[in-house]
Amino acid sequence: MSFIRLKNLKFTIFRLLFLAGFFFSHAQNTQLTGTVKDTVARPLPNANILAFPQETGYQTRFAISSAEGLYRLRLESGIAYRVEVSYMGYTKITDTLRLTEDTERDFIMKPLSDQLGEIVIKQRLAVKVREDTITYRTDNFVTGEERKLRDILKKLPGVEIDRDGNATVNGKEVTKLMVEGKDFFTGDEKLGVNNIPADAVDEVEAIDNYNEVAFLKGLSDSDKMVLNIKLKEGKKKFAFGDVEVGGGVEDRYLIHPNLFYYSSKTAVNLIGDFNNIGEKSFSLSDYINFEGGFSLLSKDPSAYFNLRNDDFVQFLNNEDFVYNKNEFGAFSVSQELNKSTNLDAYSIVSNGKLETRNESDFIYLTDDERQENRTVTTNSNLLFTLNKIRLRYIPDSDVDLYAATYLKTSKGDGMNRLVSQTPGQNTFADTRTQPQSLDFKTDVSYNRQFSYKHTSTVEAAFQYSINENDRDWLFNRPVFSGIIPFNREDDTYNLLQNTRAAQYDFNINAKHYWVLHRFHHIYPEAGVEVSHQSYFSNDAQVLNDQSEADFTAAGFNNEVLFKLSDSYFGFQYKAKADDFIFKPGLFYHYYYWTVDQLDERQVGATRPVLLPELLVEWEINSGEKLKLNYSRRSQFGNASQLANRFRLSSFNSLFAGNQNLENQLSHSASLFYSKFSLYRGIVMHAGLSYVHREQSIRSTTTLEGIDQVNTLIYTDLPENSYGANASFTKKLGDYRFTLGGNLNLSDYSRIINSELLDYNSLNYGYNFKTETSFDNWPNLETGLRHSFSDFSSSAFESNFQRITPFAYLDYDFLTDFILKAKYEFTYYENTNQNQINRFQESGASLFYQKEGSAWGFELEAQNIFDIQFKASNSFSQFLITDQRTFIQPRTLLFKVTYKL
């Protein structure tokens, strides 16, 4: 049956590819090429060439001339087009063409006359390129069928949008979204891309190397790409938006209002989402972005990994569930108080209910290769809020001062039921988990430009956070009976655990930008960071008379205070030579820290560290760059890792930290190459990375059956990781082809059952896809993702592969209808254990909105084949996992949309 299903999938993909080829063969294109020059034969880069079809049913074609003035347009054969060529400061050229074969034509542009009395009309180019900013006038690219901002962005040259709403411009990832120069909520582009109505957008600005403080541009390095949405004149002081309401079988519902108000001084945004169809408005990735995003990993890896593993994230981490009820609201306001002062604030509130089910088969890589079958079901509720208010004061062009305050709260309540079956032993555990947290942060930044040569910044921040969690375990047997001194009263064993982590952080940093020469800068910097962290844990048995049996004498229960100060100073030197930028740096850090456990001083130590860094950039040309980056990094752990007494992590896992841990040291180097050419339709990326760890905090494990006891050590055990990735995209007419690949290799050592074992991990894969962009035919995206995972040591080897062919369909037909469909088939294989898993995902929607009407109607279906679960495989130093994650059953929904 599985073979037949795979065979049918291949046949389906073949048919889809054949259909796309059929469309391509029936959409005959001709090519218009040439050069845009001025009257003395100098090429004009970034000139706009537009071809407007003179018959209905065809899309406007657009090109931008290259640095050499070259352009290329693909036009429908036999169709008349009005061609307009425009360049700022030159007279527009207008011509009418009807091509039946490829044609070459050069355009010679004449400068505008500046004679007295001549009236020069201000030109609005379809695309204007000025230094680091590209401005798109959207009227030249839209057809009127676009619903949201994402539909417009997909049609802009050089802009790409993935299915989640992540945007790239000229192959570079967008890191922030603004509307009329103001941050849209948190700045996360997905929220705006998926919600801002298309008919409100006039222009889109793509700003590269963006810096929020204008006079720091060119001094403080920024690699950020930002989108700024400019609204139509009628929308600049206007309330607009839409409301979507839906209902379906089995009491499914959806209510999704989007309301916006903009004026010259005020911006108000309101987004709501209430549904039980499995759509999450705020995901784990959104939360990570709010906390600093992937850049936090490069700045402070320990903070990034601590963030991903905190109790709050565990509630957000579920992407697949049996049932999900989501209640989400987001509100933001931006107000210009006066010409020099602006106030920005937002609040996000989410309340969710989740039900999940996971079934797993484990193989423990010990001498007896113990096997375990585990079923875990959860029922959890989570309420969290994210809040920010910021005041910015810019009295003149040389001063920028802002102060911001953040507040995050969360509260969860989860019930977990676990059944574990191994040969000779069954374990049942019911767990109630109640985490809650509060994080408060305030920071101030003062930036002052004294002269062209001297600019200074001073930043200070204070942060307070507290995280508490109450866990109530009920077991059918005494777990870790040789370590935990359970009282045997009856057939159930009740363990209560309380944990509490509190942290106070203060830091101040001063940096001066000294321009020695136009091509030579030096940036001295100094600062201090102080952190006080406390960690408390208490594990006790609840007896029948409701008293508690304390486990302190057995090595449990922690009360740790960790204090750390980091004083540092150093400099960066920046020089430019031709197309190269060199930026070496050197910083001296002096650490002082203490560790107290149960009011007893255990550690008091100091350590000086030198941290060199180097950045080299080569701008080969305007669309081609090569960047080399090297740094030595230093990070400390947290108080929970220094707590050296036991606490229970799960029914089969105990953990104890180590008070003697010190700062981790590592060397990191990367080489990145990028190329973009709109004229040739090419986007390329390639990267190499290497990380070597000098000193690390690593876990050691003692295994007995399926039970494990983990602790931490500070070690110089060898550990290296290597990475490589590349992608190539080529656009040919109405087709876009993408090919990519990645490779990650690591070698390291771990201590398992007091034995030092060497491990090698290799993960690699490739992907390719084809996309179409027809005017009058269905548009299809088809492709394949194929990944491999190899994990080995001297004792064993594990190999996995995953193959996922996919197809997505978008079809605008009969003027008022939009059909969308998706299909993915996933094939997992564990070659060593001869385990194979297959599942397929699918969905479709049909949307209808009569042209000019405010009403829209949509019929949507998800999980069409009503599959029960998704499957995955993984491995670690001593464990192979085959997991099945159950998902929400088929969902059918009818939705009504009203555009305000």
Practice task
With respect to Q572, determine if the residue is surrounded by 18 or more Cβ atoms within 10 Å (Cβ to Cβ), among the polar types (S, T, N, Q), outside any strand (DSSP E or B) and within 33 Å of the chain's Cα centre (by Cα).
Solution key: no
Exercise for the section: Look at S789 and say whether it is more than 25 Å from the chain's Cα centre (by Cα) and touching a residue at least 12 places away in the same chain (Cβ under 8 Å). Expected result: no
Handout entry: Flag if A403 is of a type in the set (G, A, S), assigned by TED's automatic domain parsing to the domain that holds Y535 and in contact (Cβ under 8 Å) with a residue 40 or more places away in the chain
Key = no
Problem - Which numbered condition V691 misses (of (1) modelled with pLDDT of 95 or more; (2) assigned by TED's automatic domain parsing to the domain that holds V595) - result: (2)
Fill in the blank from the handout: Output for Cβ contacts, cut-off 8 Å, separation at least six or different chains, first residue over 16 Å from D866 (Cβ atoms) in the range 812-826, second exposed (fewer than 14 other Cβ atoms within 10 Å of the Cβ), reads T815/E851; D816/K850; D816/E851; L819/F813
Completion exercise
Of the candidates I880, I803, I864, the one satisfying the condition of being closer than 30 Å to N753 by Cβ and either touching a helix residue (DSSP H, G or I) at 6+ places or on another chain (Cβ under 6 Å) or of a type in the set (A, V, I, L, M) (or both) is I880
Practice task
Name the one entry in V458, V444, V515 that is farther than 30 Å from T552 by Cα and not assigned by TED's automatic domain parsing to the domain that holds N558.
Solution key: V444
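Quick check on A51: is it modelled with pLDDT of 85 or more and either among the charged types (D, E, K, R) or in a strand (DSSP E or B) (or both)? Walk me through it before giving the result.
Numbers: modelled with pLDDT of 85 or more: yes; either among the charged types (D, E, K, R) or in a strand (DSSP E or B) (or both): yes.
It is true that A51 is modelled with pLDDT of 85 or more and either among the charged types (D, E, K, R) or in a strand (DSSP E or B) (or both).
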Fill in the blank from the handout: Restricting attention to the range 487-513, the residues that are of a type outside the set (D, E, K, R), more than 11 Å from D539 (Cα to Cα) and either surrounded by 15 or more Cβ atoms within 10 Å (Cβ to Cβ) or in contact (Cβ under 8 Å) with a residue 40 or more places away in the chain (or both) number exactly 13
Exercise for the section: Please work out if Q497 is under 22 Å from D599 (Cα atoms), touching a helix residue (DSSP H, G or I) at 6+ places or on another chain (Cβ under 6 Å) and in a strand (DSSP E or B). Expected result: no
Handout entry: Hey, I864 buried (at least 18 other Cβ atoms within 10 Å of the Cβ) and more than 14 Å from G246 (Cβ to Cβ) or not
Key = no
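Before we move on, is Q572 over 21 Å from K511 (Cβ atoms) and out of contact with any Leu (no Cβ under 8 Å at 6 or more places or on another chain)?
Numbers: over 21 Å from K511 (Cβ atoms): no; out of contact with any Leu (no Cβ under 8 Å at 6 or more places or on another chain): yes.
Judged against the criteria, Q572 is not a match.
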Problem - Out of N629, N658, sole residue that is assigned by TED's automatic domain parsing to the domain that holds W473 and not in a strand (DSSP E or B) - result: N658
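Select from the range 152-204 the residues that are among the acidic types (D, E) and more than 21 Å from the chain's Cα centre (by Cα) and list them in ascending order. Talk me through it step by step, then tell me what you get.
Of the range 152-204, the ones among the acidic types (D, E) are 160, 162, 164, 173, 180, 183, 188-189, 199, 202-203.
Once the filter is applied, which keeps residues that are among the acidic types (D, E) and more than 21 Å from the chain's Cα centre (by Cα), the range 152-204 yields E180, D199, D202, E203.
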Handout entry: Matching residues, the range 389-431, being under 27 Å from the mean Cα position of the chain (by Cα), crowded, with 17+ Cβ neighbours inside 10 Å and farther than 28 Å from D470 by Cα
Key = R390, Y402, A404
Handout entry: Positions within the range 666-679 being surrounded by 18 or more Cβ atoms within 10 Å (Cβ to Cβ) and among the hydrophobic types (A, V, I, L, M, F, W, C), in sequence order
Key = F676, L678
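The values are calculated or read from the model by the stated rules, or taken from the named source; none is laboratory data. Computed from a predicted model, the values in this text were never measured in an experiment. Reconstructed Cβ throughout: ideal geometry from the backbone, glycine too, with neighbour counts over all protein chains shown.
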